[in-house]
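Peer 1: Could you have a look at this structure, given as structure tokens, before my questions?
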Amino acid sequence: MPTPLEAASLTTDTSTALAQTASTDRSFARGLMPASMPVQFLDDLGHRVQVFNDDYPEPSSQQLVAAYRAMVIGRRFDIQATALAKQGRLAVYPPSRGQEACQIGSMLALSPDDWAFPTYRDSMALVTRGLDPVEILAVPHGTAHCGYDPRASRTAPQCTPLATQLVHAVGFASGEKRKGRPTVAMAFVGDGGTSEGDFHEALNFAAVFKAPVVFLVQNNKYAISVPISRQSVAPSLGYKGIGYGIASEQVDGNDAMAVLAVLNKAVAHARSGQGPVLVEAHTYRLDAHTNADDATRYRDSAEVEDWLRRDPIPRLEAWLRHKGLIDDAFVALVAHQGEAFAADVRERMAINLAVDPMSLFDNVFATPTPQLLEQRAMLEAELEAEEASR
Amino acid sequence: MTTAARAEDICASPPPQLVTMSGAINRALRDAMTADPDVVVFGEDVGTLGGVFRVTDGISRDFGQDRCFDTPLAEAGIVGFAVGMAMAGFRPVIEMQFDAFAYPAFEQIASHVAKMRNRTAGRINLPIVIRIPFAGGIGGVEHHCDSSEAYYAHTPGLKVVTPATVEDSYSLLREAINDPDPVVFMEPKRLYWSKGSIESVLAATKFASFGRAAVRREGTDVTLVAYGPSVEVALQAALAAEESGWSVEVVDLRTLVPLDDETMVASVRKTGRCVVVQEAQGFAGVGAEIAARVQERAFHSLHAPVLRVAGLDIPYPPPKLEHLHLPDVERVLDAIARLQWDDDTDTRFLPSDSKGGAT
Ligand SMILES: Cc1ncc(C[n+]2csc(CCOP(=O)(O)OP(=O)(O)O)c2C)c(N)n1
Ligand SMILES: [Mg+2]
């Protein structure tokens, strides 16, 4: 039985092996236009359907099985982090339960050399990428602004100022292209974030510079309390790409098969030099915005119940079982791996690592200013005096 | 009415009802909206949710979606929209959800909100209030704890207000909404849950006027000048300093623009010593302006240089380290102790080879 960390890297390994094989670099059949309904492969019950998916090759069985495993582990991680926040072990946690198909699909569609530009909500995606969950949780734990090494993990710091990182993704992808490297950047944004000016500037820059970027809009229907109807009256956020000359699509964001199929193609399209792609994934934030939020103030439980019926995990599980790709034993094994993963997070988060006070002055600049050195000496003297008076 | 009856009345009257600062601001918004149909409130999550700090709780329900509403999520849009609304005759009171999330709106604020009156030779004024929960001390993660007041105070054309008490939060906000010019109203978020009474200001016919500092505590030996979240720190330090035999006066500036030179200078003339306390990073901050003005105006009364106690010159740190960044009572007391009480020279800034005995 793999240990939790092996389980995590397993999912990443599988993703990297499969990213290229399942995709195609043909351009999009509808040109810039998204489908008039979200692309779907599996209905709510996991039955195979044909909804505007003819343009997308079905993901391989291996990729689908890997996605199932990653969704189960990802959700278990997310539930664990939510619990840690409720216990006060984390200052705050923005959960992504319900958005597993997007969180996992986005990462399984990437190659290891590609870069991700995630938001605060995409922790599950980073777990899928193989980042250490404890390093991911350093921000909400209050010990660092970014707990992981962005270069080593090829993952930009999780971004809070909405949509601002999208422009970075475009610049980065353009830079990689100029350097002759085949890197694709996966840029994450929420439905609310599409209202920010930076979202529009990023789309336009990406299109003008033909940057290899895939913009993934996780439309989870809310920006904190504000429903999507207050954000935009466009038929789909997917349509926002057309005006900028960007190939655009909308997909059922709770259908892992559809998300993978569309993103596999989008990544291949970007990598082949045909320019950026915008994908709107229709999904739902099952939990409150964060543990500090009270969602009952702005939405009723019937709506949440309705979305629970479209849960991405049982949906893919039903299909995989139907195809004989997974069985009870596999489902039990993956559930066990999820538990082990969560237990590992729990144990390691229980340890209070000391944060070096002097690190406050590190990395403000490469070389600290004279004023910073003065303040450093002041704090050092304060701490020494405190120590001496004990 | 006889004097006796009156005393009885006072004894029988219930203790003043306490409200939180967020409650007081909520009340100020409601009273302003009731008084003037042109007052409108908008921003992110201020409608149904009532704001992430519940400052606008129930306003949308009670005044209708036309008067208090959620906008698309775009700060530059919110401020620019407010500029247009104000040009059409409204008095927008808008919310930036957190300090650092106002930065996308900086162009609108610095280039338009601040300058419209000047650019149009006074033909267009913008009675806009931009409410910004600011500063730290609540264990918030990055971008949620910035002290951004200096950016605004440095921009001519903006009034900048920072209430430190529940009563002021009501009174100054009413005054801000009445003001013909744009006001950046900075709410110290760690004080949202602090409690006080607003009964006396509700009964008053005039609100706190801008440019009038308040002496929160009288003293004779040293003046602490503070504003917003730092006033409480200064008051605590004043109390602690009493034990060391220092009588400390605390001046709460209340409005950074316009600034009340008179009150702070009068205080320093009386005490002869001054320490400025601000939570914001010290470099090029509001405290520097205060220190400069005090020494320009009260030089001959000063027994020691004006000192500053401020946040470190670093990006706001992660929650586990914020207590080391924030100015606290100890640092204020240290600064007071350095004010040349024994007539010895303060050697701190002398080159090390000229410090007696220093190696
Ligand atoms: C520039 C900016 N403004 C406001 C905020 C505060 N804020 C944090 S999350 C959020 C809602 C974002 O909604 P959405 O883009 O749909 O993403 P979701 O949280 O649903 O994943 C807001 C308003 C912010 N982080 N950045
Ligand atoms: Mg959303």
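The values are calculated or read from the model by the stated rules, or taken from the named source; none is laboratory data. Because the structure is a prediction, the values reported are computed rather than measured. We place every Cβ from the backbone using ideal geometry, glycine too, and count neighbours over all the protein chains shown.
Peer 1: For the range B:81-118, what are the residues that are more than 16 Å from ligand 1 (Cβ to nearest atom), surrounded by fewer than 23 Cβ atoms within 10 Å (Cβ to Cβ) and in a helix (DSSP H, G or I)?
Peer 2: Scanning the range B:81-118 gives B:Val83, B:Gly84, B:Met85, B:Ala86, B:Met87, B:Ala110, B:Ser111, B:His112, B:Met116, B:Arg117, B:Asn118.
Peer 1: Under 26 Å from B:Ser200 (Cβ atoms), surrounded by 23 or more Cβ atoms within 10 Å (Cβ to Cβ) and in the same structural domain as B:Tyr103 (by TED's automatic domain parsing), is that true of B:Leu73?
Peer 2: When the stated conditions are applied, B:Leu73 does not pass them.
Peer 1: For A:Met124, indicate whether it is within 16 Å of ligand 2 (Cβ to nearest atom) and among the aliphatic types (A, V, I, L, M).
Peer 2: On the way: within 16 Å of ligand 2 (Cβ to nearest atom): yes; among the aliphatic types (A, V, I, L, M): yes.
In short, yes.
Peer 1: If you don't mind, there's one more thing I want to ask. Could you say whether any residue in the range A:279-291 is within 14 Å of chain B (Cβ to nearest Cβ), more than 16 Å from ligand 2 (Cβ to nearest atom), closer than 19 Å to A:Ser96 by Cα and touching a Lys or Arg at 6+ places or on another chain (Cβ under 7 Å)?
Peer 2: Within the range A:279-291, one or more residues are within 14 Å of chain B (Cβ to nearest Cβ), more than 16 Å from ligand 2 (Cβ to nearest atom), closer than 19 Å to A:Ser96 by Cα and touching a Lys or Arg at 6+ places or on another chain (Cβ under 7 Å).
Peer 1: OK, next. Inspect the range A:207-224 for any residue being surrounded by 24 or more Cβ atoms within 10 Å (Cβ to Cβ), farther than 26 Å from A:Tyr68 by Cβ and within 16 Å of ligand 2 (Cβ to nearest atom) and give the result as yes or no.
Peer 2: Yes - at least one qualifying residue is present in the range A:207-224.
Peer 1: Would you be able to tell me the number of residues in the range B:314-324 that are within 8 Å of chain A (Cβ to nearest Cβ) and free of Cβ contacts under 8 Å to residues at least 40 places away in the same chain?
Peer 2: Matching residues across the range B:314-324 total 5.
Residue by residue, here is whether (1) surrounded by fewer than 24 Cβ atoms within 10 Å (Cβ to Cβ); (2) β-branched (Val, Ile, Thr) holds:
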{"residue": "B:Ala164", "(1), (2)": "no, no"}
{"residue": "B:Ser169", "(1), (2)": "no, no"}
{"residue": "B:Leu173", "(1), (2)": "no, no"}
{"residue": "B:Asp179", "(1), (2)": "yes, no"}
{"residue": "B:Val183", "(1), (2)": "no, yes"}
{"residue": "B:Ser194", "(1), (2)": "yes, no"}
{"residue": "B:Ala203", "(1), (2)": "yes, no"}
{"residue": "B:Gly211", "(1), (2)": "yes, no"}
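Peer 1: Name the residues in the range B:79-101 that are within 15 Å of B:Leu158 (Cα to Cα) and within 14 Å of chain A (Cβ to nearest Cβ), would you?
Peer 2: B:Val79, the sole residue that qualifies.
Peer 1: Another one. Scan the range A:361-390 and report the pairs whose first residue is more than 9 Å from every other protein chain (Cβ to nearest Cβ) and more than 21 Å from B:Pro318 (Cα to Cα) and whose second residue is polar (S, T, N, Q) and assigned to a loop (DSSP other than H, G, I, E, B), with Cβ atoms within less than 9 Å and a gap of 6+ or a chain change.
Peer 2: none
Peer 1: Within the range A:158-176, how many residues turn out to be more than 14 Å from chain B (Cβ to nearest Cβ), crowded, with 20+ Cβ neighbours inside 10 Å and either touching a Pro at 6+ places or on another chain (Cβ under 9 Å) or without any contact (Cβ under 8 Å) to a residue 24 or more places away in the chain (or both)?
Peer 2: So the count comes out to 2.
Peer 1: Out of A:Lys210, A:Lys240, A:Lys265, report the one residue that is within 21 Å of the chain's Cα centre (by Cα) and farther than 24 Å from A:Gln63 by Cβ.
Peer 2: A:Lys240
Peer 1: May I pose another question? Specify which of the listed residues (A:Ala234, A:Ala152) is within 16 Å of ligand 2 (Cβ to nearest atom), aliphatic (A, V, I, L, M), free of Cβ contacts under 8 Å to residues at least 12 places away in the same chain and surrounded by fewer than 24 Cβ atoms within 10 Å (Cβ to Cβ).
Peer 2: A:Ala234
Peer 1: For a quick check of your reading of the model, give me the residue pairs whose first member lies in the range A:191-215 and is farther than 17 Å from A:Ala234 by Cα and within 16 Å of ligand 1 (Cβ to nearest atom), whose second is part of a helix (DSSP H, G or I) and polar (S, T, N, Q), with beta-carbon atoms closer than 6 Å and at least 6 apart or on different chains.
Peer 2: Listed by first residue and then by second, the contacts come to A:Asp198/A:Thr164.
Peer 1: Moving to a separate point now. For the list (1) within 14 Å of ligand 1 (Cβ to nearest atom); (2) more than 14 Å from chain B (Cβ to nearest Cβ), I need the number of the one condition that A:Leu126 fails.
Peer 2: If we test A:Leu126 against (1) within 14 Å of ligand 1 (Cβ to nearest atom); (2) more than 14 Å from chain B (Cβ to nearest Cβ), just (1) comes out false.
Peer 1: Would you check if there is a residue in the range A:148-157 being touching a Phe, Trp or Tyr at 6+ places or on another chain (Cβ under 9 Å) and within 13 Å of another protein chain (Cβ to nearest Cβ)?
Peer 2: Checked against the condition, which is being touching a Phe, Trp or Tyr at 6+ places or on another chain (Cβ under 9 Å) and within 13 Å of another protein chain (Cβ to nearest Cβ), the range A:148-157 yields at least one hit.
Peer 1: Also, quick follow-up: Out of B:Ala82, B:Ala100, B:Ala110, B:Ala114, report the one residue that is out of contact with any Leu (no Cβ under 9 Å at 6 or more places or on another chain), aliphatic (A, V, I, L, M) and in the same structural domain as B:Leu172 (by TED's automatic domain parsing).
Peer 2: Checking each option against the conditions leaves just B:Ala100.
Peer 1: Going by the structure shown, is B:Ala284 at pLDDT 95 or above, exposed (fewer than 14 other Cβ atoms within 10 Å of the Cβ), within 14 Å of chain A (Cβ to nearest Cβ) and over 21 Å from A:Glu382 (Cα atoms)?
Peer 2: yes
Peer 1: Take the conditions in a helix (DSSP H, G or I) and in contact (Cβ under 8 Å) with a residue 24 or more places away in the chain and apply them to B:Ile290. Does it pass?
Peer 2: Yes: the conditions hold for B:Ile290.
Peer 1: Here is a list of conditions, (1) under 30 Å from A:Pro227 (Cβ atoms); (2) modelled with pLDDT of 95 or more, and A:Pro133 meets all of them except one; can you say which number that is?
Peer 2: (1)
Peer 1: Could you list all residues from the range A:336-356 that are surrounded by fewer than 18 Cβ atoms within 10 Å (Cβ to Cβ) and within 10 Å of chain B (Cβ to nearest Cβ)?
Peer 2: A:Asn352, A:Leu353, A:Ala354, A:Asp356
Peer 1: While we're looking at this one, here's another question. Please pick out the residue among B:Asp57, B:Asp36, B:Asp45 that is touching a strand residue (DSSP E or B) at 6+ places or on another chain (Cβ under 7 Å) and within 14 Å of chain A (Cβ to nearest Cβ).
Peer 2: B:Asp45
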